[in-house]
Each structure stands twice: as structure tokens, then as C-alpha cells.
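Readers should treat all values here as calculations from the given coordinates under stated rules, not as data from a laboratory. Note that this is a predicted model, so its numbers are computed, not measured. Every residue, glycine among them, receives a Cβ derived from its backbone with ideal geometry; neighbour counts consider all protein chains shown.
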Amino acid sequence: MKIFPHFLLQANYIRASLLLVLGITLLSISCSFVFQTSLQFPILKWSLVWHYRSVFLHGWVKTFYISLLALFLSCLFGAFIVTMRRSSLKSLRLLGLIVIELIRGTPLLTQILFFFYIVAHEIGLENRLLTGILILSFFSSVYIAELIRASIEAIPHPQWESAKAIGLTTFQTYRYVIVPQALRPLLPSLTGQLASLIKDSSLLSIIGISELTLAAEQVNATTYCTLESFVPLAIGYLILTLPISFGSRLLERKLRL
């Protein structure tokens, strides 16, 4: 009985070592690329890009703001879709399934163009930022809906029967029995979804929202320094996503204990 944890620790150590080696290798390749580029173009205009650091910072902050707000709204929309999917009415279940399949079956870029240039224009929604957040929220809501539905359906059926046996209403069953247990496997997945939202928000640059990607494109168009403009872009996204990814893994391990 004491051997299994020993082998488990060894496996975790080997996996962590491989990830570390892979990370060092990728970092070495990136440094080598930058070094070779510096040899071919001895004068890299980092100083020109540095003058636009406030543009990058503004785009970085707006990217994080958009992603957080979109995650909050997508949780609300996702909960509504789950309610439809678990409804006793067949028409609502079918409607929820159609919404999920339509959004999951089309690229985010297509949805941005369709909703911004057609739907938002027809209903008179002129605020680009609000439109972008809503589009990103709708896109993410179907994935969050499936995460919520899977967490709820993972609750053993005797839990539902016990709640019904002691006289709890449907709302009380969800409030006191189902939701507290469903949150345990759901939280790490929601944290990971935030990292995906941050990366997906880069597509909002095509409708003129001044997030991090558009900031890099504007600096590149002004300075003609492509490498110097897009290296901070990559670093900015890594600063946002890496802590979230590591936090998601730590939270998942903690909740497993």
C-alpha cells in the first residue's frame, strides 16, 4: 500500500521535469530566433516601441476587463441555457440544443462579423465595446453551459431522491444540495475558461475594439517595427494566461484532496 504513492510521486516528478525541459527548449528557440533576427537587423527599434508603452498597457488592461466581464455574463447566459436543456418542456430542451450546436459549430470570427455588422446594426447597438463583450459572452456561454450541465449530472441520483424525500422544493434542492457539490469540479474548469476568453478576445480587434492585439497592430503600423511590436503582445498574453493556467491546476489538485 505504501508503494503506490511512491510511484505516483515519481511519475509526477518525471512529468514536471519533462514540462520544464520543454519550456526551456521553447524559450531557447525563441531567444535564438530573436538573436538571429538581431544579427540580420542590427538596429532593432525597441526605443520607438517603448514610447508607445502606454498604448500596450491600456490594451492589456482592457483585454483583462473584457475577459472578466465576458466570463461573468457567459456564466449567467450559460446557467439560462442549462435551465433550458434540463427543462421538462421538450421545446425548450430542443431550443437549448439548437443554440449550443449553432454557436459551437461556427467560428468565433464568423460570429463577430455576423452579430456586429448585421444584428447589432439592425437593433441599433452602436457601442463596439458592449457589442464585443456580448458576442464573446454568447460564444463562451455554450461551453460554460455544458460544463455546468456535466457538473450537475455528475451528482449521484440518490442525492436528488434524498432531497425530495425530506420535502425540499426544486429550488431548495439546487440551493442546498446540488450547487455546493457541483461547484467543486466546476471551479477549475471556469478558471481555465477565463484563460480561453483572454485569448479569444484578440479577435475583437477586427471590429475596432482597442484591446491588446489592436494596440500592437497600431504600434506596428505607426513604427513599422513588426518584431518589436508583437513580442510585447505575446508577453502580455502570457502574463495574463500563465498565472490563470497554473492557478486552475492548483485549484483542481486542491479540490481533489
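What do the square roots of 5 times the Cα gyration tensor eigenvalues come to for the range 137-216, in whole Å, largest first, as semi-axes of the equivalent ellipsoid?
38, 11, 9
Give a quick list of GluC sites (Glu not before Pro) in the range 95-157 that DSSP marks as loop, anything other than H, G, I, E or B, with at most 15 other Cβ atoms within 10 Å.
E126
Can you grab the distance from the C-alpha centre of the range 135-210 to the C-alpha centre of the range 220-236, Å, no decimals?
Answer, in whole Å: 37.
If we restrict to alpha carbons, what Rg and Dmax does the range 78-206 come to, in Å?
Rg, Dmax (Cα atoms, Å): 17.5, 55.
Just rank V219, V82, V179, fewest to most, by other beta-carbon atoms within 10 angstrom.
Ranked by crowding around the Cβ, least crowded first: V179, V82, V219.
Label-point separation (nm) for K254 and A79, each offset 7 Å from Cα along Cα-to-Cβ?
2.2
Counting alpha carbon pairs within less than 8 Å and at least 6 residues apart, what relative contact order, in whole percent, applies to the range 45-256?
Reported relative contact order: 32 percent.
For all pairs of alpha-carbon atoms in the range 110-160, what percent lies in each bin of width 10 Å, listed from the first bin to the last filled one?
It works out to 22, 35, 19, 15, 9, 0, in whole percents.
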